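Trainee: If you scroll down you'll find the structure; I have some questions about it.
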Amino acid sequence: MFAAHPLPGREADQVDGLSIDRLSAWFGRHKVVEDMRLRAPSRKVTALIGPSGCGKSTVLRCVNRMHELVPGARVQGGVHFGGVDVYAPDLDAGSVRSEIGMVFQRPNPFPTKSIYENAIIGVRIARTTPRGRLMEIAETALSRAQLWDEVKDRLHKPAVSLSGGQQQRLCIARAIAVDPSLLLMDEPCSALDPIATFKIEELIRAIADRYTVVIVTHNMHQATRVSDYTGFMTIENAGDPGRLVEFGATTQIFGAPVNPATEAYVSGRVG
C-alpha cells in the first residue's frame, strides 16, 4: 500500500467530505451556475442529476479547479474539502488536482503509452516515488479498478488495445493511483455498453468505502443503483444559470421528492 498525500493542513484520516457554499460560475459574462450549496458526505457516493446545460459538469470542474483553466472563466463562492479551502490563495492548483481526481465522459488513456505507463503516470508527475514501488502502485490501482486480472499479462501493450470499458477502468485506475480522497466522475458510462456500464457501477460501489465520490449522470437508474445521496439541478428558462433545486438521500429524491420540479424530472415527465 502507498500513503495518501492530503492537502496541506489535513491529516490523511481526517476526511470531512465536500462542502460547496454559494458557488457561482461564469464563462465570460455568461453565468452557468448560481448559488450552488451542497454537502457531499465523506466516503459516500453523491450523484448530480438534471437536464443538459444545467451546470452539473461545471460544478465538478470548479471543485478541482479545472474551470479556471478556461480563458475568461471565473468562480465565486466557497469549495472546501476536508476542512481546507480549495481556492485558498496559497494553495497550488496542482496540489488540489492530485487530491481530487477526475474521470471524464469518454475514456482518455494516453494513446502512445502502455497500460502500465497509463496507470502510474499520475504518480510520476505528482511525487517522487522509488522505481521499485511503481509496479506495486500499478497493481494496487488496477486491482481497485477491477482491471488487474484482465491486464496483468499484457501490461506493456498499448492502452488503446483495450476495449472501451477497460480503457475507462484504466482511467479510473490512473486517477486513484495517486490515492486521492475525492473522486469526481463526469458521466463515466455515457460511451459504454450495458456490460461495461455494469462493471463501472460495480467499481464505484466497491471504492466508495475508501473515497468520497461525486458522479454526474443522466441515467436515473444508474443514480439509484450507485449513489447514497442525490442532488437535482435544473434551469428555469433557456440561458438561465443552473441551480440546485433539491438534495437528499437518493431513496428520498426518487421515492418522495419535495420539489415538484424534482418529481417531474425523476418520473420522466420532463427531460
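Trainee: Test of understanding: what is the full-extension gain from Ala256 to Asp149, defined as 0.36 nm times their sequence separation minus their Cα-Cα distance?
Mentor: 34.4 nm
Trainee: Going down the table (Lys56/Lys152; Lys44/Lys157; Lys113/Lys199; Lys157/Lys199), which pairs top 32 Å between alpha carbons?
Mentor: Beyond 32 Å between Cα atoms: Lys56/Lys152; Lys44/Lys157.
Trainee: To continue, here is another question. Is any residue of the stretch 51-69 close enough, with backbone N under 12 Å, to a label point placed 7 angstrom from the Cα of Arg269 along the Cα-Cβ axis, and if so, which?
Mentor: none
Trainee: Here is a follow-up. Loop-only trypsin sites (Lys or Arg not before Pro) in the stretch 29-112, please: DSSP not H, G, I, E or B, and at most 14 other Cβ atoms within 10 Å.
Mentor: Arg29
Trainee: At what distance in angstrom do the alpha carbon centres of the stretch 33-48 and the stretch 154-196 lie from each other?
Mentor: Here the two parts' Cα centres lie 23 Å apart.
Trainee: Can you tally the net charge around Ala256? Count Lys and Arg as +1, Asp and Glu as -1, for every other residue whose Cβ sits under 14 Å from the Cβ of Ala256.
Mentor: Taking every other residue near Ala256 into account, the sum is -2.
Trainee: Remind me, relative contact order of the chain in percent, using alpha carbon pairs under 8 angstrom and six or more residues apart?
Mentor: It rounds to 26 percent for the chain.
Trainee: Near Ala196, within a Cβ-to-Cβ distance under 13 Å, what is the net charge of the other residues, with Lys and Arg +1 and Asp and Glu -1?
Mentor: -1
Trainee: Also, quick follow-up: Once percent of Cα pairs over 25 Å apart is worked out from the coordinates, which option in (1) 40; (2) 45; (3) 52 does it equal?
Mentor: Among (1) 40; (2) 45; (3) 52, the one derived from this structure is (2).
No lab work stands behind these numbers, since they all come straight from the coordinates. All of these numbers come straight from a predicted model, not from anything done at the bench. FYI the Cβ positions are ideal-geometry reconstructions off the backbone, even for glycines, and counts take in every protein chain you see.
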